[in-house]
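Reviewing the structure listed below.
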Amino acid sequence: MQSNDSFLALSAALTGFSTLDLLGTGMAQEYQRTLDATLPPGIYRELLETWASAGGGEAATDQIMGDPKLGPVARNLIQLWYCGTWSAMPDDWRSAYGTTPLDMSRVVSPEAFQAGLQWAVAGAHAPASGQQGFAAWALPPEGSS
Amino acid sequence: MSDEEWYDVVVVGAGVAGALIAKAVSDAKLTALVLEAGPERATSFDGYQRHVRHFYAAAAKNAESAWPPDPHAPQPDTADIRQGSGYFIQRGPDRYGSSYTRARGGSTLHWLGVSLRMLPEDFGIRTRYGVGRDWPIGYDELEPYYRKAEVAMGVSADVADQRYHGLTFGEGYDYPMRRLPLSYSDTKLAEAIAGLTVDVGAGPVPVTVRSYPAARNSTPRPGYRPIGTIDKRPEGGEVEMFVGERCAGNTSCTPICPIQAKYNAGRTLTQADDTYLRLIPQAVVSHIDIDSESGQVSGLTYLRYDDSGFTIHRVRGGAYVLAAHAVENAKLMLLSGLGGQHVGRNLMDHPALYAWGLAPEPIGAFRGPLSTAGIEELRAGAFRSQHAAFRFDVGNDGWRATTGAPDTTVAAAIRQQGLYGPRLRESLAAALSRQVRLSLAVEQLPDPANQVTIDPSQRDPLGIPRPAISYQIDDYTKAGMAAATQVAQAIFQRAGIADCTDHASGTWFPTVTWGDQVFAYHGMGHFAGTHAMGSGPHDSVVDSYQRSWEHRNLYLVGSGSMPTMGTSNPTLTLAALAIRTAEQLIASMSRG
Ligand SMILES: Cc1cc2nc3c(=O)[nH]c(=O)nc-3n(C[C@H](O)[C@H](O)[C@H](O)COP(=O)(O)OP(=O)(O)OC[C@H]3O[C@@H](n4cnc5c(N)ncnc54)[C@H](O)[C@@H]3O)c2cc1C
Ligand code: SF4
């Protein structure tokens, strides 16, 4: 499996969105680069490899989430997809596994803010982008009775 | 000085007040100069879009996040309130929680656009309720100017919804555009609280969810052409005319409407005839010069800056209009040693509380303008002799303002509940769309101790002393906060909304205590009172035309002229006052 595919597959398992949805945001490459550049060397690769070698399914995801080293990374990856933001890794994690200059809380890019899955999941759109059109706000949201 | 020029009218500040006056003056073929402290970055479409991107990338998406100041013309930022740092020197005892924008277009660049008229009774609360002060003019005198302001700013509403608490409208008049459609959540809340009455001390009052007038483009009434995106460039604009002629539901009115469907003062300036109106950006007025014999203003000194430093200039005119907003107007007077004992005093705001909860079913939060409806019944009533009046905004933006949602909702689901995968998605889908927010904006009365002063020991980069603010929220307002909280709780209960209001877990705001209650309040950006109008120099700074009692060729315009504010957001009223001032000013000049 190419690292791009396994990144998408892991992201899908973590976020609850399909790989197609994730590709549709246009953010996959930027987020891969963000992880690679922001985590101490080797950890991004370790995340993908651990998940793949554990079989890449639900059990593998549970294993990652429960892992003291990889769990916090996976949680940050979920947040990246949902919010477009990176949260600085917790202090105890940093002292155990290291840090990089980029590891600080930030909006990853204007595009990342707009692409956040949180807006889609709310049935909405990011503020000041993806406008729904005049009076769309008067209609019932998706999934309401 | 070689560069000393002369204009019929010199205006300080390119916000809505200054823009309306300068435009009226130039329409009358008199020359107007507008000196604007801040930069002019958003006149072209591309320049404006850079601010939109700045907002996308901002870590804290607060009211200032799209409009970074130029260091030479600093401005308050709500992010500084917690530390008590920043541009304002906070003297306490309570923190003043509001901000404004120093750039061409002024604070309307980031305002929300709520354009309510003041109530007839608001103009005489001293006579009627024994509190506050009376205005020297009444509603009937201002009514025609309200209409003109609604047309000038492009306000959407239906008169049929707005006839309450004695509000009247000119014969045959309706707003230039039809009301913006209510949001789905407004409609749901309206249904859920139908028939609810509350009592805040003067008998039972029915409460309803009502569309409020907004300066956001909707469907025009015959004869009105809405103005949307401005794209002014030397070679002519390139953006399609219709962009922004109707609100498209970007859910971002504050801090920036990406398509300019929301009014900002840049629009008014762009429509003026350049032959008569000149605007100089990055020009900070630093002194008002007075002729010692006549007591009239003889000129203004201003500092023009760029990245390499600044130069000092002087300009003269037939009349001078300070439209730099309540704090900066007062600051300029104080810097110049003018205005007597009343300048800077009686600073007000609408300290506001949030109430938030979860609706029993999805209501479509995070869509549409940030709000489209309010609850207006408690703006008036006999209880005002005892405690403050208040109004509610019904939010369409979930818990964004109250807790930082959806980001904080996502973070809690991931980190506290430990969710991921399909369960995370389902949980968020169920929660986000049900988030409800009410803003409880509470009236504040004039108190001379609430005051803007200047502190010569603390200066901005141009060497101009920074404003210091003494501010206290009194018992009258706190009792109003308590009553407003009660009403919010009654509404949530009737609507089956689970009350999640908990300021300890929400966004940080300053607090005041009232008995055993703690209220976390935020500023609404509604600065008022610092150069209030009144019946004479003994009790006020300006007359009802906003003309200085002491210096008859000087006008101080804006919400600083308002002796009281009632519960309406001040901009429509300050715009109506500005148009009235412009008429009088032009008439006096034509008479010669
Ligand atoms: C978050 C927020 C939301 C708001 N929402 C609403 C709302 O929904 N409804 C409502 O009615 N009101 C609202 N307001 C208030 C509204 O923005 C102001 O009442 C209004 O914009 C004030 O207009 P103004 O022209 O008097 O002042 P401003 O718009 O502040 O303009 C003053 C101008 O003067 C310039 N200036 C300052 N000092 C100098 C100087 N020394 N020399 C030269 N120029 C100077 C400034 O740079 C600025 O451009 C809101 C405010 C905030 C902060
Ligand atoms: S909802 Fe959007 S389009 Fe409409 S006025 Fe607000 S920001 Fe502009």
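Table for the structure above
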item: Accessible solvent surface per residue of chain A, calculated while the other protein chains remain in place, 1.4 angstrom probe, Å²; result: 43
item: Separation of the B:Thr511 and A:Asp91 label points, Cα + 7 Å toward Cβ, nm; result: 2.4
item: Candidate lysines for bridging to B:Lys262, where Cα separation is under 26 Å - those fewer than 8 sequence places away on the same chain excluded; result: B:Lys23, B:Lys61, B:Lys148, B:Lys188, B:Lys232
item: Only Lys, Arg (+1) and Asp, Glu (-1) charged, at Cβ; region B:485-581 dipole about Cα centre in debye; result: 360
item: Backbone HN-Hα couplings from phi across region B:327-337 [Karplus 6.51/-1.76/1.60, Hz, Gly and Pro as x]; result: 6, 6, 4, 4, 4, 4, 5, 5, 4, 9, x
item: Local electrostatic count at B:Ala576 - Lys and Arg +1, Asp and Glu -1, tallied over other residues with Cβ under 12 Å; result: 0
item: Lys, Arg +1 and Asp, Glu -1 on Cβ, resulting dipole of the protein assembly as shown about Cα centre, debye, nearest 20; result: 520
item: Cα-based helix-to-principal-axis angle, B:139-153 vs chain B, degrees rounded to 10; result: 90
item: A/B buried area, accessible surface, summed, 1.4 Å probe, Å²; result: 3800
item: Chain lengthening between B:Glu426 and B:Ser535 when straightened (0.36 nm per residue, less Cα-Cα); result: 33.0 nm
item: Leading residue at positive end of dipole, region B:144-266 (Cβ point charges), from B:Gly172, B:Tyr184, B:Ala261; result: B:Gly172
item: Loop-located chymotrypsin sites (Phe, Trp or Tyr not before Pro) in region B:1-54 whose Cβ has at most 11 other Cβ within 10 Å (DSSP); result: none
item: The protein assembly as shown: C-alpha gyration tensor shape, a/c 1.5 cut-off, then a/b vs b/c; result: prolate
item: Full-stretch length increase - B:Arg552, B:Arg128 - with 0.36 nm per residue and alpha-carbon distance subtracted; result: 149.5 nm
item: DSSP loop trypsin sites (Lys or Arg not before Pro) with at most 13 other Cβ within 10 Å excluded, longest remaining stretch of chain B; result: B:164-590
item: Average accessible area per residue (Å²) across region B:116-233 - probe 1.4 Å, nucleic acids and ligands excluded; result: 40
item: Summed side-chain charge close to B:Pro465 - residues other than B:Pro465 whose Cβ falls under 9 Å, Lys, Arg +1, Asp, Glu -1; result: +1
item: Estimated inter-spin distance, A:Ser6 and B:Glu293, nm [label 7 Å along Cα→Cβ]; result: 9.1
item: Förster radius 45 Å - calculated FRET efficiency between B:Gln417 and B:Phe242 (Cβ-Cβ, nearest 0.05); result: 0.50
item: Cα gyration tensor shape for region B:369-505, rounded if a/c is under 1.5, else prolate or oblate; result: oblate
item: Helix B:475-495 axis, angle to chain B major axis (alpha carbon atoms, nearest 10°); result: 40
item: Residue mean of other protein chain beta carbons inside 10 Å, A:94-107; result: 1
item: C-alpha long axis of helix A:28-38 to longest principal axis of chain A, angle in °; result: 40
item: Stretch gain in nm, segment B:Gln489-B:Arg50, where the contour uses 0.36 nm per residue and the Cα spacing is subtracted; result: 153.9 nm
item: Inter-label distance, nm, simple model (7 Å from Cα along the C-beta direction), B:Ser385/A:Glu46; result: 7.5
item: Probe 1.4 Å, accessible area per residue of region B:436-510, Å²; result: 37
item: Computed [θ] at 222 nm, helices only, for chain A once each DSSP H run of length n ≥ 4 contributes -39500 (n - 2.57); result: -16000 deg cm²/dmol
item: Cα-based shape type of region A:1-110, given that a ≥ b ≥ c are square roots of the gyration tensor eigenvalues and the cut on a/c is 1.5; result: oblate
item: Those residues of region B:234-269 for which accessible area with every protein chain present is at least 20 Å² below the isolated value (1.4 Å probe); result: B:Arg246, B:Cys247, B:Ala248, B:Gly249, B:Asn250
item: Of B:Ala504, B:Ala326, B:Gln472, farthest towards positive along the dipole that unit charges on Lys, Arg, Asp, Glu beta carbons give chain B; result: B:Ala504
item: Built amide H within the under 5 Å cut-off of B:Ala373, gap 5+; result: B:Tyr212, B:Val394
item: Portion, in percent, of the accessible area of region B:75-172 that falls on carbon or sulfur, probe 1.4 Å; result: 44
item: Sites B:Val159 and B:Arg82 - FRET efficiency at Förster radius 41 Å, r taken between beta-carbons, to 0.05; result: 0.45
item: Charged-residue dipole, Cβ positions (Lys, Arg, Asp, Glu), chain A about Cα centre, Debye nearest 20; result: 260
item: Residue-averaged 222 nm ellipticity for chain B, from DSSP H runs of 4+ at -39500 (n - 2.57), nearest 500; result: -7000 deg cm²/dmol
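The values are calculated or read from the model by the stated rules, or taken from the named source; none is laboratory data. All of these numbers come straight from a predicted model, not from anything done at the bench. Neighbour counts run over all protein chains shown; Cβ positions are idealised from the backbone, glycine included. Side chains included, ligands, DNA and RNA excluded: accessible areas come from the protein's heavy atoms. Shrake-Rupley method; radii C 1.70, N 1.55, O 1.52, S 1.80 Å.
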